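The values are calculated or read from the model by the stated rules, or taken from the named source; none is laboratory data. Everything numeric here is computed off the predicted structure, so don't read it as measured data. For neighbour counting, all protein chains shown are included, and Cβ atoms are generated from backbone atoms with ideal geometry for every residue, glycine included. Calculation scope for accessible area: heavy atoms of the full protein, side chains included, ligands and nucleic acids excluded. Shrake-Rupley method; radii C 1.70, N 1.55, O 1.52, S 1.80 Å.
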Amino acid sequence: MTVDALTDVAGVRVGHATRTGGGWLSGTTVVLAPEGGAVAAVEVRGGGPGTKETDALDPRNVVQKVDAIVLTGGSAYGLDAASGVMAWLEERGRGVRVGPDPSHVVPVVPAACVFDLGRGGDFRARPDAATGRAAVEAAAAAAVGSPVPEGCVGAGTGAVAGGMKGGVGSAGVVLPSGITVAALVVVNAVGAVADPETGVLYGELFQGRVRYPDERVHEAARRRLAELSARQPPPSLNTTLAVVATDAELSKAQAQKVAGTAHDGIARAVRPVHLLHDGDTVFALATGARTLDTGDPLALNDVLAAGADVVTRAIVRAVRAAESVDGPGGVWPSYESLYGGSTA
């Protein structure tokens with residue numbers, strides 16, 4: 001049974017730590033790999049990334065597998081959340097073995113952050129090591145194959161997308177070969193996720209027949225967004241993050257190609273994208289549970305194409321699941337509050 005989420009990849013779990021109120025509007029999301037880790041790679045295309053341990057994922061370097069990936073709010077400050085995940089993994093002997101004793105490990109925990117500082121009202125309210133530990137504990141406690149909470153949770157708690165509320169979304173697909181490809185995305189983009197002329201979500205243009213919002217509803221939404229933009233200029237420091245996972249057996253180089261082509265999924269759903277002040281980053285995980293058909297030259301292409309597709313769908317789901325925020329740090333209406341179920 002699948003749940004159309006990152007957790008469709010067997011053994012992969014997701015946990016969120018969410019902080020709201022009292023000046024907070026931020027959080028951390030942890031993707032926990034199965035025991036033994038997963039082959040990992042990364043592709044960074046934004047001009048202002050905030051990352052940790054991404055060099056370790058270069059195919060030319062020694063580390064082959066990781067046990068967890070951290071996506072976090074708090075800008076570069078929030079990268080400290082990875083320390084809490086590292087400590088949790090070390091306590092369980094999970095990581096790169098560096099000594100004769102099984103406990104001598106160094107967990108490699110790649111991390112990337114989104115900018116959400118001050119969106120809850122307090123600039124200093126941002127994730128730390130304790131937040132990271134809470135998120136990885138939530139991932140470990142989640143049942144294998146369970147649905148992934150979406151919307152304003154974890155690293156998507158303070159996310160904003162083109163003046164509207166962003167958040168976390170996830171999607172998955174099982175290919176005809178039996179290989180699963182899935183994604184989790186944190187949508188926090190400078191660019192817009194909805195066409196300003198029609199109000200339709202860009203990502204939905206790639207999902208078959210589109211039902212456009214009613215024109216009168218769209219005009220009301222445009223006026224609302226324009227009013228808010230005049231009062232609070234849209235943030236110029238943002239980032240969209242994604243983790244694409246598959247149960248296919250991939251090399252680090254192949255996984256890096258998956259991460260690269262998955263950026264196409266962002267470009268379909270966010271316009272413009274990969275700007276100077278974006279930190280757009282995509283991680284790829286491959287658990288290796290299913291052998292890729294090396295006799296079929298198109299087998300990897302199927303995984304690459306699916307990676308981009310599930311990223312696009314995950315962005316749409318993130319935006320549709322987000323809830324409006326009206327607090328001391330700003331006002332960001334959700335797409336659903338602006339458009340509801342109105343279509344024509």
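Counting just the residues of the range 312-344 that are in a loop (DSSP other than H, G, I, E, B) and surrounded by fewer than 18 Cβ atoms within 10 Å (Cβ to Cβ), which one comes out modelled with the lowest pLDDT? So that I can check it myself, show each step before the final result.
Our first condition is that a residue be in a loop (DSSP other than H, G, I, E, B); within the range 312-344, this holds for 322-324, 328-329, 333-334, 340-344.
Filter again for surrounded by fewer than 18 Cβ atoms within 10 Å (Cβ to Cβ), leaving 323-324, 328, 340-344.
On the way: GLU323: 98, SER324: 98, PRO328: 93, GLY340: 84, GLY341: 61, SER342: 56, THR343: 50, ALA344: 44.
The qualifying residue modelled with the lowest pLDDT is ALA344.
Among the residues of the range 284-293, is any in contact with a helix residue (DSSP H, G or I) (Cβ under 9 Å, 6 or more places away or on another chain), farther than 28 Å from GLY47 by Cβ and open to solvent by 10 Å² or more (accessible area, probe 1.4 Å)?
Going residue by residue through the range 284-293, those that are in contact with a helix residue (DSSP H, G or I) (Cβ under 9 Å, 6 or more places away or on another chain) are 284-286, 292-293.
Those left that are additionally farther than 28 Å from GLY47 by Cβ: 292-293.
Adding the requirement that they be open to solvent by 10 Å² or more (accessible area, probe 1.4 Å) leaves 292-293.
Checked the range 284-293: at least one residue is in contact with a helix residue (DSSP H, G or I) (Cβ under 9 Å, 6 or more places away or on another chain), farther than 28 Å from GLY47 by Cβ and open to solvent by 10 Å² or more (accessible area, probe 1.4 Å).
All but one of (1) modelled with pLDDT of 95 or more; (2) assigned to a helix (DSSP H, G or I) hold for ALA143; which doesn't?
(2)
HIS277 is checked against (1) buried (at least 16 other Cβ atoms within 10 Å of the Cβ); (2) touching a Ser or Thr at 6+ places or on another chain (Cβ under 8 Å); (3) modelled with pLDDT under 95 and fails just one. What number does that condition carry?
So the condition that HIS277 fails would be (1).
Can you confirm whether the range 62-73 contains a residue that is under 22 Å from ASP278 (Cα atoms), surrounded by fewer than 24 Cβ atoms within 10 Å (Cβ to Cβ) and either at pLDDT below 95 or not acidic (Asp, Glu) (or both)?
The answer is no, given that none of the residues of the range 62-73 is under 22 Å from ASP278 (Cα atoms), surrounded by fewer than 24 Cβ atoms within 10 Å (Cβ to Cβ) and either at pLDDT below 95 or not acidic (Asp, Glu) (or both).
Provide a single number: the residues in the range 165-200 that are open to solvent by less than 10 Å² (accessible area, probe 1.4 Å), over 14 Å from VAL311 (Cα atoms) and either without any contact (Cβ under 8 Å) to a residue 40 or more places away in the chain or assigned to a strand (DSSP E or B) (or both).
The total comes to 2.
Based on what the data block shows, is VAL44 surrounded by fewer than 24 Cβ atoms within 10 Å (Cβ to Cβ) and farther than 30 Å from GLY191 by Cβ?
Working: surrounded by fewer than 24 Cβ atoms within 10 Å (Cβ to Cβ): yes; farther than 30 Å from GLY191 by Cβ: no.
No: the conditions fail for VAL44.
Return only the number of the condition from (1) within 15 Å of the chain's Cα centre (by Cα); (2) on the phi > 0 side of the Ramachandran plot that GLY22 does not satisfy.
With (1) within 15 Å of the chain's Cα centre (by Cα); (2) on the phi > 0 side of the Ramachandran plot applied to GLY22, the lone miss is (1).
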